[in-house]
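Here the structure is laid out as structure tokens; the discussion comes afterwards.
The values are calculated or read from the model by the stated rules, or taken from the named source; none is laboratory data. A quick note: this is a predicted structure, and the numbers were derived from the prediction, not measured. Every residue, glycine as well, gets a Cβ built from its backbone with ideal geometry; the counts of neighbours run over all protein chains shown.
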Amino acid sequence: MADPSRRRGKVTHLTLREMKRRGERIAMLTAYDASFARLCDQAGVDVLLVGDSLGMVIQGMDNTLSVTMDQMIYHCQAVARGVAAASGRAMIVADMPFLSYQASREEAVRNAGRLVKEGHAEAVKLEGGAEWADLARRLSRLGVPVMGHIGLTPQSVHTLGGFRVQGRGEEQSRQLLDDARALEEAGCFAIVLEAIPKELAAEITAALTIPTLGIGAGPDCDGQVLVLYDLLGMNEEFRPRFVKRYENLAVRVRSAVGNYIDEVRTGQFPGPEHSFSRDSAAASGAGVRAAAGGGEADLPIEDAGVGCVPRCPIVPIRPIQPARAG
Ligand code: KIV
């Protein structure tokens, strides 16, 4: 596991650019809730994307199109709390969902602002190429860093005719390279390259001074991004070529839940160690252990049963180190 203490300091777009300059690979993942965000930040991830993929992995939809601004903000807030409860180091990027930026410039600015003001995101991500360069420039100038996303852009699933590899032909390759250049020129601080040939991803990465983050784009990008649930193996039916599973949580979760069900049915759970008694705690004043993976210390009886993420303000509770110097 990466040692988070090795790289201290809040990750910003400046950190990512510097990582590219130094040839240090960037590790980005999606997150949708406080518990996983906390764990990813503790593990040392550089960037957490609150992706509109939540429509698929959290909501069970076939695509990302129905995700709303309010849902994005809700999940962003949860992720921001999780990161703040850990080291506060990971940069939080929020996807602008389908039709939150396409209808008008004013609406786009307002919605990007909501993700920052209400969701506590530190940057937004837009799908699409040169046609969004003006908007990216405007948002960057207004103080909202923008990450681009080209190649397979899932919000265009219907015009693309499905989730298919992009940029195989010469013309499409040239177009994607032009898109990447236009987004860089407009002030995007990084670009996601999704499902394109590795040779094209390498070419785009070499042509830009801003980092590229690949998903199904081969090894020569400046960093990689995966959907957390894919990496953890939560869905056994979903096995695209570009995903590497680092766990098989589908099996482990079913096994843990099966054990719980058995123990409930046989009366093995809860045991005496999981039960409160009328006299012991009250009479002795002794506390109980934090529930559900909480702290190590005994807690006062009134605090028993809080969830696994400590209650804390969204604003980071500890001072954040400045970005690493160059
Ligand atoms: O929504 C998402 O999760 C994404 C990543 C796959 C890059 O856009």
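VAL144: closer than 27 Å to ALA84 by Cα, free of Cβ contacts under 8 Å to residues at least 60 places away in the same chain, away from the ligand (no atom under 13 Å from the Cβ) and of a type outside the set (D, E, K, R), yes or no? In short, yes. Of all residues in the range 69-91, one or more are among the hydrophobic types (A, V, I, L, M, F, W, C) and under 21 Å from SER156 (Cα atoms).
THR12 meets the conditions (1) within 14 Å of the ligand (Cβ to nearest atom); (2) crowded, with 18+ Cβ neighbours inside 10 Å in every case but one. The failed one is (1). Within the range 135-158, which residues are among the small types (Gly, Ala, Ser) and in contact with a strand residue (DSSP E or B) (Cβ under 6 Å, 6 or more places away or on another chain)? Result: ALA136, SER140, GLY148, GLY151.
Within the range 54-64, not a single residue is surrounded by fewer than 23 Cβ atoms within 10 Å (Cβ to Cβ), on the phi < 0 side of the Ramachandran plot, small (Gly, Ala, Ser) and away from the ligand (no atom under 12 Å from the Cβ). Determine, yes or no, whether VAL225 is aliphatic (A, V, I, L, M), in contact (Cβ under 8 Å) with a residue 24 or more places away in the chain and not in a loop (DSSP other than H, G, I, E, B). Taking the combined requirement at face value, the residue satisfies it. Scanning the range 124-152 for residues that are touching a Ser or Thr at 6+ places or on another chain (Cβ under 9 Å) and closer than 17 Å to ALA94 by Cα yields GLU127, GLY128, PRO145, VAL146. Among residues of the range 5-19 that are within 14 Å of ALA123 (Cα to Cα), those with a beta-carbon under 8 Å from a residue that is of a type in the set (S, T, N, Q) and modelled with pLDDT under 90 at least six positions away or on a different chain give the pairs LYS10/GLN321. All of GLN42, GLN59, GLN71 fail the test of being modelled with pLDDT of 95 or more, under 14 Å from the mean Cα position of the chain (by Cα) and either in a strand (DSSP E or B) or not charged (D, E, K, R) (or both), apart from GLN42. Across the range 85-108, the qualifying residues are those that are closer than 23 Å to LEU14 by Cβ and either free of Cβ contacts under 8 Å to residues at least 60 places away in the same chain or within 16 Å of the ligand (Cβ to nearest atom) (or both), and the one among them that is surrounded by the fewest Cβ atoms within 10 Å (Cβ to Cβ) is ALA86. Applying the criterion of being farther than 24 Å from VAL157 by Cα and touching a residue at least 24 places away in the same chain (Cβ under 8 Å) to the residues of the range 209-222, the residue that is farthest from the ligand (Cβ to nearest atom) is THR209. Residues of the range 117-132 that are crowded, with 21+ Cβ neighbours inside 10 Å and assigned to a helix (DSSP H, G or I): TRP132 alone.
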